[in-house]
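Notes follow once the structure below has been shown.
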Amino acid sequence: MTTQLINNEGEATLTLCGRLDTAVSSQVSADINQLLATAGTIQHLTVDAGQLEYISSSGLRILLMLAKRFKQFRITEVNTEVYDVLSMTGFTKMMTVERALRQLSVDGCEVIGVGGVGTVFRLNDDTIIKVFREGTTMDEVRKEITMSKEAFVMGMPTAISFDMVRVGSQYGLVYELLHAQTLSACLKQAPERVDELARKYAGLFRQMHAIQVPADSCVPDALEHERNQVMHIRRYFPQEKIDLLLQLLDTVPASNRLLHLDLQAKNAMIQNEELMLIDMGEVGYGHPILDLAHAYSAMVSLVGDYEKIIGIPRELGTELWNRAIDYYFEGLPADVVALRKEQIKALSCVRNFSWLALSDSFPETVINECRALFDERVTRHREQLLQVCQTLKDWE
């Protein structure tokens, strides 16, 4: 039986490997106490039981001691046999215990979407799986599940994951979508339907933006999240450029509307001729301009391989967007619609670069492309962008 402790700024992981039976429990307890004594301050302790083959009653007492010592305590990657013991003895009710995830393979599966945080594959006719980028934490995956459920309860047609899995060393979420296809795939197959699909696309935005997120919801503040993402990309841009992006964000009015924040054509699925949302990891509340600016950044001014990411030629994606935004603002005076479009385009400059915060493993070529585009899209138009965004205070 071996033990190992890694403490990362108060977030510590204790790995248990082997059989924690009566014969070794005294020595294991002493080893753990020695590791804890020399580890420094620990706020959150996770026991990684992925390699724990067996546990006896004396081993359970060690876990109980740790749970009493650390308020933030959980056991993860528990195999079936050990989980059954923890369940029968009531440990699963006293503390957080997470089963080991089953392994799936996506070898040979069709790729139906590529985004900043992961790739979506079709497993079969009935299910798809989103595989998250290397380095994504389980808490981040759980957030996507939570946001999907929140949006569903609020009335949005949303795909709900029924299983969290591992794909190699990465996390995955499996969704059931009977005979569904992405909006991009449908449009690519039948480009003559662009006007019909644009109306559906606009309707999805309007339906979502009509929902007011209650104050007690766990849905996060989208504007605060966007500011944090801008601060995260300071590693790539000098402070004066970061300050300019923050100035643009400061013009966004407060609101409590439900926002997807990545509703490009591969993140909407068509099922029975109705659109539904997927990829809910960035859901938040705020002003609709944030959602529309994010979508414009993806559908019109995307940085990167457009057809690979969006799934259709840029010209077709731009046409879809232009028709959809006209339907979104249908009924407003022409001069108001023209201003709204300018506001969306101006604020989309933030998302053009803040999306780099979605991962710390983007290729250097992508980062350099963004650096080169910043002056062209933002710096040269600084005063115009700020002037347009200042008019956002009149957008009710």
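The values are calculated or read from the model by the stated rules, or taken from the named source; none is laboratory data. No experiment lies behind these values; they were computed from the predicted model shown. All Cβ positions, glycine included, derive from the backbone under ideal geometry; neighbour counts span all protein chains shown.
Among the residues of region 62-78, the ones that are hydrophobic (A, V, I, L, M, F, W, C) and in a strand (DSSP E or B) come to 3 in all. Residue count for region 325-339, restricted to those that are within 24 Å of GLN264 (Cβ to Cβ) and small (Gly, Ala, Ser): 1.
Listed by position, the helices (runs of 4 or more DSSP H) inside region 79-188 whose residues that are within 26 Å of GLN264 (Cα to Cα) and aliphatic (A, V, I, L, M) number at least 2 are 138-153. Across region 135-144, not a single residue is classified as more than 13 Å from the chain's Cα centre (by Cα), surrounded by fewer than 20 Cβ atoms within 10 Å (Cβ to Cβ) and on the phi < 0 side of the Ramachandran plot. Give the residue that is modelled with the highest pLDDT, with candidates limited to residues of region 148-170 that are in contact with a Ser or Thr (Cβ under 6 Å, 6 or more places away or on another chain) and farther than 15 Å from HIS209 by Cα. For region 148-170, the residue satisfying everything is SER148.
Yes or no: region 126-147 includes at least one residue that is touching a Ser or Thr at 6+ places or on another chain (Cβ under 7 Å) and in the same structural domain as CYS17 (by TED's automatic domain parsing). Within region 126-147 (the criterion being touching a Ser or Thr at 6+ places or on another chain (Cβ under 7 Å) and in the same structural domain as CYS17 (by TED's automatic domain parsing)), the answer is no, since none of the residues qualifies. Filtering region 30-63 to residues that are hydrophobic (A, V, I, L, M, F, W, C) and either in contact with a helix residue (DSSP H, G or I) (Cβ under 9 Å, 6 or more places away or on another chain) or closer than 21 Å to VAL78 by Cα (or both) leaves ILE32, LEU36, ILE42, LEU45, VAL47, ALA49, LEU52, ILE55, LEU60, ILE62, LEU63.
Check whether at least one residue in region 248-256 is of a type in the set (S, T, N, Q), under 17 Å from the mean Cα position of the chain (by Cα) and assigned by TED's automatic domain parsing to the domain that holds LEU187, and report yes or no. Checked region 248-256: no residue is of a type in the set (S, T, N, Q), under 17 Å from the mean Cα position of the chain (by Cα) and assigned by TED's automatic domain parsing to the domain that holds LEU187.
Under the condition of being in a loop (DSSP other than H, G, I, E, B) and closer than 14 Å to THR158 by Cα, the residues counted in region 242-261 number 1.
Restricting attention to region 212-254 and to residues that are within 14 Å of VAL283 (Cβ to Cβ) and in contact with a helix residue (DSSP H, G or I) (Cβ under 8 Å, 6 or more places away or on another chain), the residue that is surrounded by the fewest Cβ atoms within 10 Å (Cβ to Cβ) turns out to be CYS218. Within region 16-39, the only residue that satisfies the criterion of being in contact with a Phe, Trp or Tyr (Cβ under 8 Å, 6 or more places away or on another chain) and not in a strand (DSSP E or B) is ASP21.
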